[in-house]
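Working notes, beginning with the structure itself.
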Amino acid sequence: MLPYFPFGDRFNDKMGTRPISESEPLVEVDGHYQTETDLKRRLLGEYINYYYQAQPGHETAQWDVLALILQNLVRFSPGQFSLTTNGNRWQWHNALLNETTDFIFDDASTLPHDPLDWVGRQVQEDLVLLAGNDARLVAGQLCFGNGWCLDEKIGLPFWDIHAPITPIVEPMMQAAQTLMTRLPVGRPVWRLNWSVKVTDQLDMTNRHTPALDRLLADTLPTLTPATIGEKLFIRIERQTLTRLPRSGAVLFGIHTYQNLLAHEAANPERAAGMKRVFETTPAAMIAYKSMAGFLPTLLTYLEMQAKPAP
Ligand code: HEM
């Protein structure tokens, strides 16, 4: 089952942000840790300039991210990670990957990769940095982007990043823009995003869009209420926003979770929640999320699943 389930009474046209409390982790480690960090490292090894990009001038923010994430990992998973510091001399031990790294904090020449790129290889999350009054995307390690990539968005302000969807949910994006400028240090927030996909391939960055569009087109004729549960996947993003202490930049973290539709819809309450949300989602958003071709079949299936067994 998905650890988060953003399907309640109806389509949520609000930002849906909530505070991350002291007892909640910023980054989450689950049973897919090994596979997902391996996949990230393979993608970065093959196409570093596609999956990792950084504009100059944001080195302090990168170190802010590194410190925040390592301290968070140690705090919430002390058996798996340890950090020993002696002034600026830090030693990181990752028992899950059996790796030890010694480096000097704030000295990038002592790490094998840029600090953001290095720390991104320790977590399942995609990590994106936004800075300045208009929250421009200044750096990121984005391996599992859902229909976007760094080439397309680097350097853009928050508002322009969302250009394709702003007309659909403008009040939500106005509120999000305000949040980006006013988010205080020490008050991180999180929200959920959802989509319905034809594969559980994690890397859905733009270079895969033509193949994914073809796969969807080829699958559509095979979708019936009897088959759809085994062919589609629910994809959830746990998104976090944290203002960084020294640089004032904002870290946007994205942890992607997925599950087969049938596994989620086996629970009648979950099936009913998904049905309520999908049937109240504006048509333009359904089209944006590439769900128009299968929505009627999906709703019929969810209605069947939502009925309690006789
Ligand atoms: C409270 C903050 C945010 C809200 C309310 C928000 C909301 C949304 C919504 C509603 C979508 C449409 C996609 C969907 O629902 O599946 C979207 C897409 C997207 N968001 Fe955000 N978002 C937020 C923060 C961010 C941040 C900080 C970034 C930084 C990079 C970002 C990057 C994107 C991108 C790249 C897309 C896809 C746009 C495209 O299709 O070109 N979002 N966002």
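Considering only residues that are away from the ligand (no atom under 16 Å from the Cβ) and either closer than 16 Å to G253 by Cβ or not in a loop (DSSP other than H, G, I, E, B) (or both), which ones fall in region 1-20?
P3
Would you please name the residue that is most open to solvent (accessible area, probe 1.4 Å), looking only at residues in region 232-280 that are over 30 Å from A67 (Cα atoms) and in a loop (DSSP other than H, G, I, E, B)?
By that ranking, first place goes to A266.
Please find, among L2, L39, the residue that is modelled with pLDDT of 95 or more and in contact with a helix residue (DSSP H, G or I) (Cβ under 7 Å, 6 or more places away or on another chain).
L2
Would you be able to say whether some residue in region 112-119 is near the ligand (Cβ under 10 Å from one of its atoms), of a type in the set (A, V, I, L, M, F, W, C) and surrounded by 15 or more Cβ atoms within 10 Å (Cβ to Cβ)?
Looking for residues that are near the ligand (Cβ under 10 Å from one of its atoms), of a type in the set (A, V, I, L, M, F, W, C) and surrounded by 15 or more Cβ atoms within 10 Å (Cβ to Cβ), one finds none in region 112-119, hence no.
Please determine whether any residue of region 241-259 is aliphatic (A, V, I, L, M) and either at positive phi or more than 14 Å from the ligand (Cβ to nearest atom) (or both).
no
From the list L179, L202, exactly one residue is aliphatic (A, V, I, L, M), modelled with pLDDT of 95 or more and touching a helix residue (DSSP H, G or I) at 6+ places or on another chain (Cβ under 7 Å). Which is it?
It is L202.
On the basis of being among the charged types (D, E, K, R), touching a Leu at 6+ places or on another chain (Cβ under 8 Å) and touching a residue at least 60 places away in the same chain (Cβ under 8 Å), does K153 make the cut?
no
Restricting attention to region 123-138, report how many residues are in a strand (DSSP E or B) and either of a type in the set (D, E, K, R) or more than 8 Å from the ligand (Cβ to nearest atom) (or both).
6
Modelled with pLDDT under 95, open to solvent by 20 Å² or more (accessible area, probe 1.4 Å) and farther than 19 Å from M172 by Cα: does that describe P308?
yes
The values are calculated or read from the model by the stated rules, or taken from the named source; none is laboratory data. Computed from a predicted structure; not experimentally measured. Quick reminder, even Gly has a Cβ in these numbers, built from the backbone with ideal geometry, and neighbours come from all protein chains shown. Please note that ligands, DNA and RNA were not included when accessible areas were found on the heavy atoms of the full protein model with its side chains. Shrake-Rupley method; radii C 1.70, N 1.55, O 1.52, S 1.80 Å.
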